[in-house]
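Beneath this line is the structure, given in structure tokens, with notes to follow.
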Amino acid sequence: MKRTLGTCYYPEHWPEEMWEEDARRMAEAGLTWLRIGEFSWSKLEPTPGDLQWGWLDRAFKVLGAAGLKVVLGTPTATPPRWMIDKHPDMLAVDAKGHPRKFGSRRHYCFSHTGYREESRRITRLMAQRYGRDPYLGAWQTDNEYGCHDTVVSYSDMARSGFRDWLAQRYQSIDALNRAWGNIFWSMEYRNFHDIDLPNLTVTEPNPAHVQDFRRYSSDMVVIFNRAQVDEIKMHSDAPISHNYMGRVTEFDHFKVGNDLEIATWDSYPLGFLEDRVGATPDHQCAYARQGDPDFQAFHHDLYRAIGRGRWWVMEQQPGPVNWAPYNPAPLPGMVRLWTWEAFAHGAEAVCYFRWRQAPFGQEQLHAGLLRPDSQDAPGLAEARQVAEELADAQTVQPLQAPVALIFDYEADWAWATQPHGSGLSYFSLVFDHYRALRRVGLSVDIVPPGTRDFSGYAVILAPGLIHVDPDLAIALSKATADVVYGPRTAARDEYFNIPTQLPPAIPDLNLTISRIESLRPDMPVALNGGGHVLHYIEEVEGDAEILLSTVSGAPVVLVRGSQIYCGGWLDDVGLDRLIALLAERTGLSTIALTEGVRCRKTATEEFWFNYTIATVDTPHGPLPPAGVLRRAL
Ligand code: GAL
């Protein structure tokens, strides 16, 4: 597979006279892909029904003639102002019941059927016009579903849609009352039309009610996306993608991804370190100009799974961004490092956001590859360097990782609904396990909960997977790998009830969680031999062999055959010990990496990345700050 680079361009932002020179410079820098169009609706259709294709026709010609391939974005993340006049109730409604206004972007409710039809219409018109254009290389639907907290909307249309969805799921109101346990607090309903959305309740709503509303809201994203896909496929054979975000978990990306050929994501390492990694201030300071050493890799591995092997970075930070609490510039070399890291995880393409910094609008302080005066910004030289390096790099051959880590969006919603301890999240728990695996040089495949064939893996991890589908439980019990469950794995049935035969509902383990506690941040429980349990600990009954216990002798990690249960949220030392035990049991080969150094293998190459600000030693020689080492295997 050939690896390529690109950038995000907004021809509508610049006088047409600039396009040709821009295109020439892009091609000269070694860029292949250009994503355009995703916010251009007011230019394409300034008033309802008045389609203005001329400028986009010309943009295709100019860009294509320079040798660039277009990724065309449907413009539905930014409906124009007239759309709100046409559909005043299309705005999403927040949990307090306030509509979210026009004046930025993503101002629509996924449940609004009128807006869904408008989105279908503009997509159809675009597909009819450009679907067979020789310069079209791929499609992008919308832009970053879910960004800015836009999946869950408490609108009137969401309420009526949710009622219909519930009626289909449960068929009878008695079945719903039983499944949700509505006898509790006299919450029983007499018909589906009595059911409201789970906001503005006096105290917490029923978790089963919330979980179903989260499922419904996620399904609305799937349906919205599918409507665009259906239209595009009627007029185009080009692959269809969507650009997902970092740590946006409000919809099931696997379900959206099943309708698309390529998954892409938008990687902002420095912005994310500041606003969503969840790191300590010391860690943020140490990596302020490099980004977290694992956060990008985690998403690369996640989106590789969502794209079923085909994935890109559609937007990569080329310099300081504008939207995080603090926005430092990357250390020289990091733009190149991030790019190579994506390729090491199997990306087909990496595109930089954006070509030229905009002197107007909300993102004036967001770097581009060019400055607003069109001079080169520092990121451009690094992009050019990667383009040159790619020219003689061999093609990537993917390699199955030795470890599979299950990631489940529904589990994330369930933890958010019932964290049991302030700030505890499923994403953080899974990410802590991922980091621990990477600290010892292990490559990881993130896999969906729908996986049934685990052949080839030595270890499978399913931390926090709060509901385990019975078929998955069978597949895991048959796997030849060591399987690690817990904490909170198989702790609820699909209706958010505690199984009457107490958790974990994993028959092979024959263990019982008799009590659970969440811990204050200042009350960690020490493990015998080093490390601690943080946040969350379970009292485990059963006669399995104990691998790790607390200093007072309570079992924490237990094993029976190849099935392992971990009844607590282990800190880094505890997780390092767990992984060392797994390596010993399965023969996995690990390396003690220097803090901030990461490595990954493909079938043909080995990569080393230095996220620190000092030169570090590797078995293959010294690696400077922001350095990338590539070796053929
Ligand atoms: C992304 C988005 C882009 C741009 C960028 C700024 O989330 O897709 O349109 O806003 O962030 O960093």
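The values are calculated or read from the model by the stated rules, or taken from the named source; none is laboratory data. All values derive from a computational prediction rather than experimental measurement. Note: ideal-geometry Cβ built from the backbone for every residue, glycine included; neighbour counts use all protein chains shown. Heads up: the accessible areas ignore ligands, DNA and RNA and are worked out on the full protein's heavy atoms, side chains in. Shrake-Rupley method; radii C 1.70, N 1.55, O 1.52, S 1.80 Å.
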Considering residues of the range 287-308 that are of a type in the set (Phe, Trp, Tyr) and within 16 Å of the ligand (Cβ to nearest atom) only, the residue farthest from Ala349 (Cα to Cα): Phe295
Residue count for the range 497-517, restricted to those that are in contact (Cβ under 8 Å) with a residue 24 or more places away in the chain and in contact with a Ser or Thr (Cβ under 8 Å, 6 or more places away or on another chain): 4
Do any helices (runs of 4 or more DSSP H) lying entirely in the range 324-419 carry at least 2 residues that are open to solvent by 20 Å² or more (accessible area, probe 1.4 Å) and either of a type in the set (Gly, Ala, Ser) or within 16 Å of the ligand (Cβ to nearest atom) (or both), and which ones are they? 378-391
Go through the residues of the range 127-136 one by one and say whether even a single one is at pLDDT 95 or above, under 29 Å from the mean Cα position of the chain (by Cα), more than 16 Å from the ligand (Cβ to nearest atom) and among the basic types (Lys, Arg). no
Quick one: which helices (runs of 4 or more DSSP H) sit completely within the range 3-91 and have at least 3 residues that are more than 16 Å from the ligand (Cβ to nearest atom)? 19-28, 54-65, 81-86
Of the conditions (1) more than 16 Å from the ligand (Cβ to nearest atom); (2) touching a Leu at 6+ places or on another chain (Cβ under 8 Å); (3) in a loop (DSSP other than H, G, I, E, B), Gln284 fails just one. Which one is it? (3)
Under 7 Å between Cβ atoms, which residue pairs at least 6 apart in sequence (or on different chains) link something in the range 588-615 that is more than 18 Å from Trp338 (Cα to Cα) with a partner that is of a type in the set (Gly, Ala, Ser) and surrounded by 15 or more Cβ atoms within 10 Å (Cβ to Cβ)? Leu588/Ala458; Thr590/Gly441; Thr590/Ala583; Ile591/Gly441; Leu593/Gly441
Would you check if there is a residue in the range 287-299 being outside the structural domain of Gly441 (by TED's automatic domain parsing) and in contact with a His (Cβ under 7 Å, 6 or more places away or on another chain)? yes
Which residue out of Pro205, Pro293 is part of a loop (DSSP other than H, G, I, E, B) and either free of Cβ contacts under 8 Å to residues at least 60 places away in the same chain or in contact with a Cys (Cβ under 9 Å, 6 or more places away or on another chain) (or both)? Pro205
Among the residues of the range 427-448, which ones are more than 24 Å from Thr602 (Cα to Cα) and either without any contact (Cβ under 8 Å) to a residue 60 or more places away in the chain or in a loop (DSSP other than H, G, I, E, B) (or both)? none
Need at least 2 residues that are under 27 Å from the mean Cα position of the chain (by Cα), hydrophobic (A, V, I, L, M, F, W, C) and closer than 27 Å to Pro524 by Cβ per element, so show me which strands (runs of 3 or more DSSP E) inside the range 551-629 make the cut, counting only ones lying wholly within it. 568-570
Can you pull out the residues in the range 309-323 that are within 14 Å of the ligand (Cβ to nearest atom), in contact with a Pro (Cβ under 8 Å, 6 or more places away or on another chain) and open to solvent by 10 Å² or more (accessible area, probe 1.4 Å)? Pro320
Filtering the range 453-466 down to residues that are buried (at least 22 other Cβ atoms within 10 Å of the Cβ) and more than 22 Å from Ile579 (Cβ to Cβ) yields Ile466
Criterion first (surrounded by fewer than 24 Cβ atoms within 10 Å (Cβ to Cβ), acidic (Asp, Glu) and away from the ligand (no atom under 16 Å from the Cβ)) does Asp275 satisfy it? no
Quick test for you: out of Thr74, Thr47, Thr78, pick the one residue that is open to solvent by 10 Å² or more (accessible area, probe 1.4 Å), of a type in the set (Val, Ile, Thr) and within 30 Å of the chain's Cα centre (by Cα). Thr78
Members of the range 377-409 that are touching a helix residue (DSSP H, G or I) at 6+ places or on another chain (Cβ under 9 Å) and under 23 Å from His13 (Cα atoms): Pro378, Gly379, Leu380, Ala383
Note on the range 220-272: residues within 16 Å of the ligand (Cβ to nearest atom), open to solvent by less than 20 Å² (accessible area, probe 1.4 Å) and among the charged types (D, E, K, R) are Asp266
